[in-house]
Amino acid sequence: GTLCRTKPTDLVFIIDSSRSVRPQEFEKVKVFLSRVIEGLDVGPNSTQVGVINYASAVKNEFSLKTHQTKAGLLQAVRRIEPLSTGTMTGLAIQFAISRAFSDSEGARVRSPNFNKVAIVVTDGRPQDGVQEVSARARAAGIELFAIGVGRVDMQTLKQMASEPLDDHVDYVESYSVIEKLTHKFQEAFCVVSDLCATGDHDCEQICISSPGAYKCGCKEGFTLNSDGKTCSACSGGLGSALDLVFLIDGSKSVRPENFELVKKFINQIVDSLEVSEKQAQVGLVQYSSSVRQEFPLGQFKNKKDIKAAVKKMSYMEKGTMTGQALKYLVDSSFSNINGARPGVPKVGIVFTDGRSQDYITDAAKRAKDLGFKMFAVGVGNAVEDELREIASEPVAEHYFYTADFRTISKIGKKLQMKICIGE
């Protein structure tokens with residue numbers, strides 16, 4: 001609290017209480033609102049909060065000018081009841097433009113000193129258009145955040161949100177975990193803070209603080225990567241020559257929004273490598289019911305091109321033939337014809353979210369017998385025995401598991417270190 005002062009903001013929550021949001025789930029939304037409000041400086045000269053509740057119709061729960069204390073706001077949030085009909089998201093955003101952010105409701109004149117922010121929370125597909133009305137809201141100087149829950153339509157979230165989309169679109173699997181976004185929004189409204197002390201930074205090793213900002217550094221023996229955040233033990237020179245192939249599960253259980261997180265995970269690891277003809281080469285294979293080489297080793301000569309190709313990868317969305325994929329890795333991915341270099345260390349990273357539908361033992365053993373260093377990463381319903389079977393010795397250092405796709409970037413950080421040390 002003492003380390004952060006929030007910038008004066010007119011903040012309006014636009015919350016979906018259509019019939020698909022069950023009463024106990026709506027309670028979780030109210031907890032999320034309360035937690036964000038608790039982190040704000042509330043008052044007529046600092047931050048004001050309004051809430052719009054919508055389903056088929058729009059209800060103005062309270063205006064920006066209604067409650068000028070944090071206690072009053074928290075009491076008012078507790079009293080909100082769900083409307084339980086349709087999902088007219090566009091109508092609710094229009095209401096925000098014409099009513100909630102109007103002078104008569106207590107909105108202040110837009111200036112560099114005041115932000116206008118709307119946070120939309122929805123779990124469904126809108127029954128009306130959101131693209132044009134959202135563009136009007138943004139043109140009126142309203143910064144739009146879109147939070148999607150469960151079976152939400154991701155495309156409409158992107159149509160609503162302000163740029164950059166990475167900062168303004170959030171997805172959670174269910175209402176039970178929406179609370180974990182609290183910290184992000186408290187940070188978003190924070191202007192003066194020792195960000196290193198509060199932990200609100202993404203430096204991998206060392207955080208160097210300055211008022212309201214920070215920069216990252218690295219421990220001795222490491223260098224700061226071009227992203228300005230992560231550190232790499234992969235030094236330049238021929239010593240870091242490496243042929244690395246990703247084997248990525250594209251089965252339908254992964255789900256499109258999680259497949260996007262997998263792509264970020266791949267690019268996070270690519271970021272820590274020194275990519276060139278004489279140093280690291282990267283190949284990518286996706287598998288589901290069949291196996292598809294996305295690009296072979298050495299096709300792309302720099303990080304930028306590799307990352308662009310990863311982003312373009314389309315999702316296969318069928319079964320989980322991990323054994324077939326491992327066989328492809330052994331027979332094809334590390335062959336000279338596919339760009340592998342003789343005498344260069346070979347590393348395979350296998351990523352899966354479920355049980356293999358075929359036999360993996362023989363191919364997994366062959367990969368290790370041929371001297372490939374194999375890492376296995378499992379998420380969700382992945383079977384830990386299978387991950388251990390794929391992983392090189394010592395197994396505990398070569399396999400990773402997490403229940404939630406959202407935490408795979410932590411595994412990515414550990415992998416970056418292990419790949420480099422392995423060189």
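The values are calculated or read from the model by the stated rules, or taken from the named source; none is laboratory data. Predicted model only: the values in this text are computed from it and were never measured. Note that we place each Cβ from the backbone using ideal geometry, even for glycine, and neighbour counts take in every protein chain shown. With ligands, DNA and RNA removed, areas are computed over all heavy atoms of the protein, side chains included. Shrake-Rupley method; radii C 1.70, N 1.55, O 1.52, S 1.80 Å.
Scan region 228-285 residue by residue and report those that are open to solvent by less than 20 Å² (accessible area, probe 1.4 Å), over 25 Å from ASP404 (Cα atoms) and modelled with pLDDT under 85.
SER232, CYS234, SER240, ALA241, LEU273
What are the residue pairs meeting all of these: first residue in region 343-369, first residue more than 18 Å from VAL291 (Cα to Cα) and touching a residue at least 12 places away in the same chain (Cβ under 8 Å), second residue among the hydrophobic types (A, V, I, L, M, F, W, C) and open to solvent by 90 Å² or more (accessible area, probe 1.4 Å), Cβ atoms under 8 Å, and 6 or more apart or on different chains?
LYS346/LEU370
Taking region 296-308, which residues are surrounded by 19 or more Cβ atoms within 10 Å (Cβ to Cβ) and in contact with a strand residue (DSSP E or B) (Cβ under 9 Å, 6 or more places away or on another chain)?
Within region 296-308, PRO296, LEU297, PHE300, LYS303, ILE306 meet the criteria.
Tally up the residues in region 365-397 that are in a helix (DSSP H, G or I) and over 15 Å from PHE246 (Cβ atoms), please.
Result for region 365-397: 13.
Counting only residues that are surrounded by fewer than 17 Cβ atoms within 10 Å (Cβ to Cβ) and either touching a Cys at 6+ places or on another chain (Cβ under 7 Å) or not hydrophobic (A, V, I, L, M, F, W, C) (or both), how many does region 43-60 have?
Restricting attention to region 43-60, the residues satisfying the condition of being surrounded by fewer than 17 Cβ atoms within 10 Å (Cβ to Cβ) are 43-46, 56-57, 59.
Within this subset, residues satisfying the condition of being either touching a Cys at 6+ places or on another chain (Cβ under 7 Å) or not hydrophobic (A, V, I, L, M, F, W, C) (or both) are 43-46, 56, 59.
Going through region 43-60 one residue at a time, the tally reaches 6.
Hey, can you tell me all the residues within region 136-163 that are open to solvent by 70 Å² or more (accessible area, probe 1.4 Å), within 20 Å of PHE114 (Cα to Cα) and of a type outside the set (Lys, Arg)?
Result: ALA139, GLU163.
Can you tell me which residue in region 387-405 is most open to solvent (accessible area, probe 1.4 Å), limited to those that are out of contact with any helix residue (DSSP H, G or I) (no Cβ under 7 Å at 6 or more places or on another chain) and not aliphatic (A, V, I, L, M)?
Step by step, filter region 387-405, then rank; the result is GLU393.
VAL77 fails exactly one of the following numbered conditions: (1) in contact with an Asp or Glu (Cβ under 9 Å, 6 or more places away or on another chain); (2) in a loop (DSSP other than H, G, I, E, B). What is the number of that condition?
Condition (2) is where VAL77 drops out.
How many residues does region 75-92 hold that are open to solvent by less than 40 Å² (accessible area, probe 1.4 Å), more than 17 Å from GLY50 (Cβ to Cβ) and over 28 Å from the mean Cα position of the chain (by Cα)?
Selection size over region 75-92: 1.
Under 6 Å between Cβ atoms, at least 6 apart or on separate chains: pull out the pairs that start in region 196-216 with a residue that is modelled with pLDDT under 80 and open to solvent by less than 50 Å² (accessible area, probe 1.4 Å) and end on any residue that is of a type in the set (Val, Ile, Thr) and assigned to a strand (DSSP E or B).
GLY212/VAL192
If I filter region 310-324 down to residues being touching a residue at least 24 places away in the same chain (Cβ under 8 Å) and open to solvent by 30 Å² or more (accessible area, probe 1.4 Å), which single residue comes out as farthest from GLU384 (Cα to Cα)?
LYS311
Only one residue in LEU33, LEU11, LEU64, LEU40 is modelled with pLDDT of 90 or more, open to solvent by less than 10 Å² (accessible area, probe 1.4 Å) and in a loop (DSSP other than H, G, I, E, B), so which one is that?
On the way: LEU33 fails: in a loop (DSSP other than H, G, I, E, B); LEU11 fails: in a loop (DSSP other than H, G, I, E, B); LEU40 fails: modelled with pLDDT of 90 or more.
Just a single option satisfies the conditions, and that option is LEU64.
Assess whether ILE178 counts as being over 17 Å from ALA55 (Cβ atoms), in a helix (DSSP H, G or I), open to solvent by less than 20 Å² (accessible area, probe 1.4 Å) and among the β-branched types (Val, Ile, Thr). It would help to see each step written out before you state the result.
Values: over 17 Å from ALA55 (Cβ atoms): yes; in a helix (DSSP H, G or I): yes; open to solvent by less than 20 Å² (accessible area, probe 1.4 Å): yes; among the β-branched types (Val, Ile, Thr): yes.
Yes; evaluated as a whole, the condition is true for this residue.
Could you please find all residues in region 25-57 being out of contact with any strand residue (DSSP E or B) (no Cβ under 6 Å at 6 or more places or on another chain), touching a residue at least 12 places away in the same chain (Cβ under 8 Å) and farther than 19 Å from PRO8 by Cβ?
GLU25, PHE26, LYS28, LYS30, VAL31, PHE32, SER34, ARG35, TYR54, ALA55, SER56, ALA57
Here's the yes/no breakdown for (1) closer than 23 Å to ASP385 by Cβ; (2) outside any loop (DSSP other than H, G, I, E, B); (3) not small (Gly, Ala, Ser):
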| site | (1), (2), (3) |
| --- | --- |
| VAL262 | yes, yes, yes |
| GLN268 | no, yes, yes |
| LYS278 | no, no, yes |
| LEU297 | no, no, yes |
| PHE300 | no, no, yes |
| ALA308 | no, yes, no |
| LEU326 | yes, yes, yes |
| GLY348 | yes, yes, no |
| GLY354 | yes, no, no |
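Identify, please: which residue in region 328-346 is hydroxyl-bearing (Ser, Thr, Tyr) and part of a helix (DSSP H, G or I) and is, among those, least open to solvent (accessible area, probe 1.4 Å)?
SER333
Taking GLY371, is it open to solvent by less than 40 Å² (accessible area, probe 1.4 Å) and either of a type in the set (Lys, Arg) or assigned by the TED database to the domain that holds ASN267 (or both)? Let's see the steps before the verdict.
On the way: open to solvent by less than 40 Å² (accessible area, probe 1.4 Å): no; either of a type in the set (Lys, Arg) or assigned by the TED database to the domain that holds ASN267 (or both): yes.
Taking the combined requirement at face value, the residue does not satisfy it.
I'd like the full set of residues that are surrounded by 17 or more Cβ atoms within 10 Å (Cβ to Cβ) and more than 14 Å from ALA140 (Cβ to Cβ), limited to region 106-129.
The answer is GLY106, ILE119, VAL120, VAL121, THR122, ASP123, GLY124, PRO126.
Hey, ALA71 hits all of (1) under 22 Å from VAL177 (Cα atoms); (2) open to solvent by 20 Å² or more (accessible area, probe 1.4 Å); (3) assigned to a helix (DSSP H, G or I) but one; which does it fall short on?
In the conditions (1) under 22 Å from VAL177 (Cα atoms); (2) open to solvent by 20 Å² or more (accessible area, probe 1.4 Å); (3) assigned to a helix (DSSP H, G or I), ALA71 misses (1) alone.
What about GLU257, is it assigned by the TED database to the domain that holds ARG355, in contact with a Leu (Cβ under 8 Å, 6 or more places away or on another chain), among the charged types (D, E, K, R) and not in a loop (DSSP other than H, G, I, E, B)? Step through it out loud before you land on a result.
On the way: assigned by the TED database to the domain that holds ARG355: yes; in contact with a Leu (Cβ under 8 Å, 6 or more places away or on another chain): no; among the charged types (D, E, K, R): yes; not in a loop (DSSP other than H, G, I, E, B): yes.
So GLU257 does not fit the description; no.
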